[in-house]
Number of protein chains: 2
Amino acid sequence: MGTEIERKFLVAGTGWRGRGRATTIRQGYLSSVKERIVRVRTAGERAMLTIKGITVDATRSEFEYEIPPDEATIMLDELCERPLIEKIRHVVEVDGAVWEIDEFTGVNRGLVVAEIELEDEAQAVALPPWVGEEVTDDIRYYNSQLAVTPYSRW
Amino acid sequence: MGTEIERKFLVAGTGWRGRGRATTIRQGYLSSVKERIVRVRTAGERAMLTIKGITVDATRSEFEYEIPPDEATIMLDELCERPLIEKIRHVVEVDGAVWEIDEFTGVNRGLVVAEIELEDEAQAVALPPWVGEEVTDDIRYYNSQLAVTPYSRW
């Protein structure tokens, strides 16, 4: 079990492009209820099953298990709620901080968000110039919500 | 991935008691929607996370992963839907066939069902004298349904 503290921002520029590594992510939900999210994800050659509890003060319980990619693919194709989330994750290091930039495709095409994981809630974050408005607490940007009401329908 | 073919019966007698081994099972659901059931179970010293698709002709897709029991216990205590399912599973062999008899406790106390797993749907089953009415297709007896509408409220 881990406890995740993350902040999420809209991406306002393109200064991050062409840096870091990119991974294609495909994910879906077996449960998108906020009290008990169950996510299936394939990321490159790996696959994970992730269970998350409710978020309290930007913190939530998270359990993650690696599973066989072919089994994850069957769950994504046959079992998960529709639509699926598809995105390219770019991992970019800026001044020692690791940013994950999610460039959505599919039904959420056009949306780009950047996330940073923190040690504790009070930690200061140096924002690169391409980081825009913070949306940490805006549930519309939760991936589980983007699977219910995708960006293309906002 | 496995495909499960099971038949389920009410238990009408006590001829199975005191035979075989008994395991205490505690289980809950992260999703109890029939198209995508996600079950957390502790059984004795072990714990499993199980994902099941929809049942078609007594057959359904099933994925099962062993997880750390302490993580399963947190999920059961804090994340799963209420109420939890609690039961004692008795595994009894009769004439070479393995029967799983679930004696429910907690909110489903009073209910006892017996299940047998088959190689294929057409396989003949020799019914022991304590096996009563078949309830394979009665969704009220699905454990996921017993967690929504427990036997004590029928």
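Looking only at residues of region B:12-39 that are hydroxyl-bearing (Ser, Thr, Tyr) and part of a strand (DSSP E or B), we find that the one that is surrounded by the most Cβ atoms within 10 Å (Cβ to Cβ) is B:SER31. Of all residues in region B:47-64, at least one satisfies being within 14 Å of chain A (Cβ to nearest Cβ), aromatic (Phe, Trp, Tyr) and either in contact (Cβ under 8 Å) with a residue 12 or more places away in the chain or not in a strand (DSSP E or B) (or both).
The set of residues in region A:90-138 that are among the small types (Gly, Ala, Ser) and touching a Ser or Thr at 6+ places or on another chain (Cβ under 8 Å) contains only A:GLY110. Only residues that are out of contact with any strand residue (DSSP E or B) (no Cβ under 9 Å at 6 or more places or on another chain) and either assigned to a loop (DSSP other than H, G, I, E, B) or without any contact (Cβ under 8 Å) to a residue 24 or more places away in the chain (or both) were counted in region A:138-152, giving 2.
No other residue among A:GLU119, A:GLU103, A:GLU78, A:GLU133 is over 19 Å from A:GLY18 (Cα atoms) and surrounded by 12 or more Cβ atoms within 10 Å (Cβ to Cβ) apart from A:GLU78.
Do you know which of the residues in region A:103-125 that are part of a loop (DSSP other than H, G, I, E, B) and at pLDDT below 95 is nearest to A:ALA43 (Cα to Cα)? Talk me through it step by step, then tell me what you get.
Of all residues in region A:103-125, those part of a loop (DSSP other than H, G, I, E, B) come to A:105, A:109-111, A:118-125.
Still in the running and at pLDDT below 95: A:118-125.
Working: A:LEU118: 22, A:GLU119: 24, A:ASP120: 26, A:GLU121: 27, A:ALA122: 30, A:GLN123: 28, A:ALA124: 29, A:VAL125: 27 Å.
My answer is A:LEU118.
Selection within region A:37-76: residues that are farther than 16 Å from B:LEU30 by Cβ and among the hydrophobic types (A, V, I, L, M, F, W, C). The member of this set that is nearest to the chain's Cα centre (by Cα) is A:ALA43. Can we say B:GLU93 is buried (at least 16 other Cβ atoms within 10 Å of the Cβ) and away from chain A (no Cβ under 14 Å)? In short, no.
Specify the residue that is farthest from the chain's Cα centre (by Cα); the eligible residues are those in region A:126-137 that are in contact (Cβ under 8 Å) with a residue 40 or more places away in the chain and assigned to a loop (DSSP other than H, G, I, E, B).
The initial filter retains those residues of region A:126-137 that are in contact (Cβ under 8 Å) with a residue 40 or more places away in the chain, namely A:127-137.
In the following step, the residues that additionally are assigned to a loop (DSSP other than H, G, I, E, B) were identified as A:127-130, A:135-137.
Details: A:LEU127: 19, A:PRO128: 19, A:PRO129: 21, A:TRP130: 18, A:VAL135: 13, A:THR136: 12, A:ASP137: 14 Å.
So, considering only residues that are in contact (Cβ under 8 Å) with a residue 40 or more places away in the chain and assigned to a loop (DSSP other than H, G, I, E, B), the one farthest from the chain's Cα centre (by Cα) is A:PRO129.
What number of residues within region B:77-92 satisfy the criterion of being under 15 Å from B:SER32 (Cα atoms) and within 18 Å of the chain's Cα centre (by Cα)? Final tally of qualifying residues: 6.
The values are calculated or read from the model by the stated rules, or taken from the named source; none is laboratory data. Fair warning: this is a prediction, and the values are worked out from it, not measured in the lab. Virtual Cβ from ideal backbone geometry, glycine too; neighbours counted across all protein chains shown.
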